[in-house]
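The values are calculated or read from the model by the stated rules, or taken from the named source; none is laboratory data. The structure presented is a predicted model; accordingly, all values stated were derived computationally and were not measured. Methodologically, a virtual Cβ is constructed for each residue, glycine included, from the backbone with ideal geometry; neighbour enumeration extends over all protein chains shown. Just the protein is used for accessible areas: all its heavy atoms, side chains included, with ligands, DNA and RNA removed. Shrake-Rupley method; radii C 1.70, N 1.55, O 1.52, S 1.80 Å.
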Amino acid sequence: MTRTSEGLTPELHSYIVAHSDPIDPVLVDLSEETARLFPDRKGMQIGPEQGVFTTLLTRLSGARNVVEVGTFTGYSSICFARGLPDDGTLLALDISEEWTSVARRYWERAGVSGKIELRIGPALESLRALPEDTRFDLAFLDADKTGYLDYWEELVPRIRPGGLLLADNTLSHGRVIDPEQTSPHVQGIRDFNDRVVADDRVSQVLLPLGDGLTLARKL
């Protein structure tokens, strides 16, 4: 049997965060304000180690054009934007003016607002409305789980060869392997994971980072 990834206790998670790039005050304040304003939704925000990973991955990949499906209060978009060059762009798609009003304030504080274009509305409609020749170097998917398959089919053709796709929450808090979990959200993630692993347009790995982070490379 091959060696497995470590399970994370709260203490081990704290150790990982402490031994990654430090989280700056802007992101700390954003996390705290998000928890205060949206206590029932705070789990929608990516974790600090995921933020560091996405910034580093954006830089390593040389991405210049990123699309984010699901922005919430802006933590992940700050992390991606910080990994972009000065002339890089991030297209942020979300359905909520309330959530993204917080994001706008923190984009300004982080000094990345000039790199980000926000479009409010159903993300699938926003993607389908893009010019046919629009291409991205990197896509991040973190929206409604029942829509993951549709988003995937819109995003993959728009990623350049060698470009990357990231999808969050692909372990669904471990519920993907529990046959008694049959909610549409869990089944949506199962269907998505099965589609990605069978998709011959990409190579992929499902990482045990946060609540599961799928990383795929367009072939």
List the pairs whose first member sits in segment 13-42 and is in contact (Cβ under 8 Å) with a residue 24 or more places away in the chain and farther than 17 Å from Val102 by Cβ, whose second member is among the aliphatic types (A, V, I, L, M) and open to solvent by less than 70 Å² (accessible area, probe 1.4 Å), and whose Cβ atoms are under 6 Å apart, counting only residues at least 6 apart or on separate chains? Ser20/Val52; Asp21/Val52
Kindly state which strands (runs of 3 or more DSSP E) lie completely within segment 87-179 and contain at least 1 residues that are closer than 21 Å to Asn193 by Cα. 136-141, 159-168
Total residues in segment 185-211, condition under 23 Å from Asp137 (Cβ atoms) and either in a loop (DSSP other than H, G, I, E, B) or touching a residue at least 40 places away in the same chain (Cβ under 8 Å) (or both): 9
Is it fair to say Thr182 is under 14 Å from the mean Cα position of the chain (by Cα) and either without any contact (Cβ under 8 Å) to a residue 60 or more places away in the chain or surrounded by fewer than 15 Cβ atoms within 10 Å (Cβ to Cβ) (or both)? no
Which of the residues spanning segment 55-85 are out of contact with any Gly (no Cβ under 8 Å at 6 or more places or on another chain), within 24 Å of Pro131 (Cβ to Cβ) and not in a helix (DSSP H, G or I)? Gly62, Val67, Glu68, Val69, Gly70, Thr71, Leu84, Pro85
Restricting segment 120-152 to residues that are closer than 18 Å to Arg64 by Cα and acidic (Asp, Glu), the residue that is surrounded by the most Cβ atoms within 10 Å (Cβ to Cβ): Asp137
In segment 105-119, the residues that are more than 11 Å from Leu90 (Cβ to Cβ), open to solvent by 20 Å² or more (accessible area, probe 1.4 Å) and either at pLDDT below 95 or not hydrophobic (A, V, I, L, M, F, W, C) (or both): Arg105, Glu108, Arg109, Gly111, Arg119
In segment 1-35, the residues that are open to solvent by less than 60 Å² (accessible area, probe 1.4 Å), under 14 Å from Glu49 (Cα atoms) and of a type in the set (Gly, Ala, Ser): Ser20, Ser31
